[in-house]
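**Student:** Have a look at the structure that comes next, please.
Bear in mind that the values in this text are calculations on the coordinates, not laboratory data. No experiment lies behind these values; they were computed from the predicted model shown.
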């Protein structure tokens, strides 16, 4: 049985701790603090009135990442599945605290623990040198918990962008194929859509895709769509310093706006929030949303993702990101708390927000109201 620990369990916790670790031990005072402060959870494995092991989780306010602070099995109960059971219980507890991923540290020389975590889906993503008191380094591991979640998801295939600047076309391709399963997704189509939707310039290198450009590319292929943008500003212009390039971006934007009017694409100049996303998704649409990548990769860059589902707590997205240091669970039907997604769905100093809703060809007209 797995249960929550209480102050009455401190003596037993200390016994497990001292018999399991030679150094870096949690003290009585620290156990008391962990059991009484609000951002920690301690779970015990109890069988036949014997406490066989513990796990401690730490949480941060307004953060969907849980940290496994410590896990230990009493030496008398090793190799009996105690640690595996506690780890599963910890992951379920993290989900109840609205966390979608778990991180932890493990000694480089602790092969048993490393095998346990990696065999259950934890991936190595970094190191801490001289992390422990004896100078031993630590591996940093992380696992997405989204596979536990169940939501009504659209059957959007996953397409990983092949270039650093084609996230918009990749998202549009996934949405179009969800409505037309026979559509062939390849690099030719990816580049064709990028040429149609690009703003030409960005901070450096190739241009990003405008919501107007993406909507026009979809409309030209008979997919009804609509656009949400917060105001009349020129997207991405603030990230370019060269006056001539800024002028080019403005000219492209003005042409896109003009063409969108000619194609009778509904444009809603307002902030698109959770209510709009849910309503559009419920109406059969698939939203393409511009986000800042900071909360995903710690880099501040504009990036398009496609929404594949929602439930009471989460939005689910396909992220076409083509970097090598992220697993499939971090890209496909990735669960993000609704409140976190609202903070992500904006870019730049002016908090620009943009969303394109794609609908199946038989749906005509706008599905929302201004």
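**Student:** Taking only DSSP H segments of four or more residues, each worth -39500 (n - 2.57), what value at 222 nm results for the chain once the sum is divided by all its residues, to the nearest 500 deg cm²/dmol?
**Tutor:** Counting only the DSSP helices, I get -9500 deg cm²/dmol.
**Student:** Looking at the chain only, what percent of DSSP beta bridges run antiparallel? Nearest 5 please.
**Tutor:** Within the chain, antiparallel bridges account for around 90 percent of the total.
**Student:** Let me ask something else about it. How tilted is helix 187-197 with respect to the longest principal axis of the chain? Cα atoms for both, answer in degrees (0 to 90, nearest 10).
**Tutor:** For 187-197 against the chain, the angle is about 60 degrees.
**Student:** Rounded, prolate or oblate, given the Cα gyration tensor of the range 247-315, with a/c below 1.5 counting as rounded?
**Tutor:** Oblate, since a/c reaches 1.5 and b/c is not below a/b.
**Student:** So what is the relative contact order of the chain, in percent, for Cα pairs below 8 Å that sit 6 or more residues apart?
**Tutor:** On the way: 679 pairs, mean separation 49.6, N = 370.
Once divided by the residue count of the chain, the mean separation gives 13 percent.
**Student:** To continue, here is another question. Is the range 2-148 rounded, prolate or oblate when judged by the Cα gyration tensor, a ≥ b ≥ c being the square roots of its eigenvalues, rounded requiring a/c under 1.5 and prolate requiring a/b larger than b/c?
**Tutor:** Numbers: a/c = 1.31, a/b = 1.11, b/c = 1.18.
Rounded, since a/c falls under 1.5.
**Student:** Related question: Between helix 10-20 and the chain, what is the angle of the helix's C-alpha long axis to the longest principal axis, kept within 0 to 90° and rounded to the nearest 10?
**Tutor:** The helix 10-20 is inclined about 90 degrees to the chain.
**Student:** To test your reading of the geometry: what angle, between 0 and 90 degrees and rounded to tens, separates the Cα axis of helix 82-96 from the longest principal axis of the chain?
**Tutor:** 40
**Student:** Hey, another quick one. Answer rounded, prolate or oblate for the chain, using the Cα gyration tensor with square roots of eigenvalues a ≥ b ≥ c: rounded when a/c is under 1.5, else prolate when a/b is larger than b/c, else oblate.
**Tutor:** prolate
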